[in-house]
Amino acid sequence: MPLFHPSGGLVYHARAWRWGNRLWAPFHDQVRRWLTDWRPPASHLLLLGPSGGYALSRPFLERFDRLTVVEPDPLARRLLVRRFPGRAFAFAGDPGLARADGFARLARAWPDAAFLFCNLLGQDLTGAPDGFDRPAWLRRLPADLAGRHWASWHDLAATDQAPTRHDPVDLPRGEDLEASLARFWQGRGPDHPLAIHDSGCAGLLPDAPRRLAVWQLAPGRHHLIEWLAAG
Ligand SMILES: C[S@@+](CC[C@H](N)C(=O)[O-])C[C@H]1O[C@@H](n2cnc3c(N)ncnc32)[C@H](O)[C@@H]1O
């Protein structure tokens, strides 16, 4: 993991240090509420990309007897341990998640675990091959983890424009990214277009209920986040 990796490394930890207790607090409260309601019947949890555990809480982690972590950033691993003293984390090597068959690899390597993708699915991934095709990769997720308990919160899109809505939205099923953006950035149109970075995650589990909310990562940087669970 390079020091200045865009989705991890020092830049991310510096932002967490600067904004964690201020700009990030309302979003982290949303993550904690959602995780409180996610109750996979498993005693072993695999955390994928938790960084320093900024969005995780001790009560949530204490529901599991075993915690295995896949996190390539060494500083993040140290911060995670420091944030939850007394909790034992087993750090796994790279299981090849960013390969085309990455989800099947997870299922084979940890047959007893539930999986939590911690804002990872839409990020730049270490180990991703050149020309990584994220939509194709994600299309394999539901089948490769079928019958397993998994959950994810992930970026759908990022923009520099502040949203007009701040409360989360619960949806009974998926919808077009444009429709989701219109819920949080009202008043856009040909005269007021919204420039976004599309993470490529829209369309996952189209028939599943989901929650959407906006996370302000930094001043002038807003991410539309989706929560999903299966199993
Ligand atoms: C946006 S950060 C995660 C944010 C964190 N979950 C939080 O809530 O603050 C993305 C994380 O994914 C990790 N990551 C990158 N590539 C990965 C991979 N192939 N497998 C697992 N984690 C990876 C990065 O090191 C980084 O910590």
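Taking ARG139, is it in contact with a helix residue (DSSP H, G or I) (Cβ under 8 Å, 6 or more places away or on another chain) and at pLDDT 95 or above? It is false that ARG139 is in contact with a helix residue (DSSP H, G or I) (Cβ under 8 Å, 6 or more places away or on another chain) and at pLDDT 95 or above. When THR36 is tested against (1) under 27 Å from PRO168 (Cα atoms); (2) within 13 Å of the ligand (Cβ to nearest atom), only condition (2) is not met.
Under the condition of being under 22 Å from TRP38 (Cβ atoms) and not in a strand (DSSP E or B), which residue from region 62-75 is farthest from the ligand (Cβ to nearest atom)? Give the derivation first.
The first filter runs over region 62-75 and keeps only residues under 22 Å from TRP38 (Cβ atoms), leaving 62-71.
Filter once more, so that each one left must be not in a strand (DSSP E or B): 62-65, 71.
Values: GLU62: 18, ARG63: 18, PHE64: 17, ASP65: 22, GLU71: 5 Å.
This residue is ASP65.
Tell me, which strands (runs of 3 or more DSSP E) wholly within region 84-198 include 3 or more residues that are within 16 Å of the ligand (Cβ to nearest atom) and surrounded by 14 or more Cβ atoms within 10 Å (Cβ to Cβ)?
Details: elements: 114-118, 150-159, 169-171.
Qualifying strands (runs of 3 or more DSSP E): 114-118, 150-159.
State whether the residues of region 4-12 include one that is near the ligand (Cβ under 10 Å from one of its atoms), farther than 29 Å from ALA146 by Cα and not in a loop (DSSP other than H, G, I, E, B). Yes, some residue in region 4-12 is near the ligand (Cβ under 10 Å from one of its atoms), farther than 29 Å from ALA146 by Cα and not in a loop (DSSP other than H, G, I, E, B).
On the given criteria, is LEU217 of a type outside the set (Asp, Glu), under 30 Å from ASP94 (Cβ atoms) and in contact (Cβ under 8 Å) with a residue 24 or more places away in the chain? Step through it out loud before you land on a result.
Details: of a type outside the set (Asp, Glu): yes; under 30 Å from ASP94 (Cβ atoms): yes; in contact (Cβ under 8 Å) with a residue 24 or more places away in the chain: yes.
Judged against the criteria, LEU217 is a match.
Being over 18 Å from the mean Cα position of the chain (by Cα) and β-branched (Val, Ile, Thr) is the filter here; which residues of region 62-103 pass it? Answer for region 62-103, where residues must be over 18 Å from the mean Cα position of the chain (by Cα) and β-branched (Val, Ile, Thr): just VAL81. Within region 22-44, the residues that satisfy the criterion of being out of contact with any Lys or Arg (no Cβ under 7 Å at 6 or more places or on another chain) and either assigned to a strand (DSSP E or B) or among the acidic types (Asp, Glu) (or both) are ASP29, ASP37.
Test GLY53 against the criterion of being surrounded by 15 or more Cβ atoms within 10 Å (Cβ to Cβ), at positive phi and within 14 Å of the ligand (Cβ to nearest atom), and give yes or no. Quick ask: steps written out before the conclusion?
On the way: surrounded by 15 or more Cβ atoms within 10 Å (Cβ to Cβ): yes; at positive phi: yes; within 14 Å of the ligand (Cβ to nearest atom): yes.
It is true that GLY53 is surrounded by 15 or more Cβ atoms within 10 Å (Cβ to Cβ), at positive phi and within 14 Å of the ligand (Cβ to nearest atom).
Every condition in (1) at pLDDT below 95; (2) in contact with a strand residue (DSSP E or B) (Cβ under 7 Å, 6 or more places away or on another chain) holds for ASP124 except the one numbered (2). Taking every residue in region 164-193 that is in contact (Cβ under 8 Å) with a residue 24 or more places away in the chain and closer than 16 Å to ARG210 by Cβ and pairing it with any residue that is surrounded by 10 or more Cβ atoms within 10 Å (Cβ to Cβ) and of a type in the set (D, E, K, R), at least 6 positions away or on another chain, the pairs with Cβ-Cβ distances below 6 Å are PRO168/ARG211; VAL169/ARG183; ASP170/ARG211; LEU171/ARG210; PHE184/ARG165.
Residues to consider are LEU156, LEU181, LEU177, LEU194; find the one that is within 13 Å of LEU224 (Cα to Cα) and at pLDDT below 95.
Values: LEU156 fails: at pLDDT below 95; LEU181 fails: at pLDDT below 95; LEU177 fails: at pLDDT below 95.
So the residue among LEU156, LEU181, LEU177, LEU194 that is within 13 Å of LEU224 (Cα to Cα) and at pLDDT below 95 is LEU194.
The values are calculated or read from the model by the stated rules, or taken from the named source; none is laboratory data. Note that the coordinates shown come from a computational prediction; the quantities given were computed from them, not determined experimentally. Neighbour counts run over all protein chains shown; Cβ positions are idealised from the backbone, glycine included.
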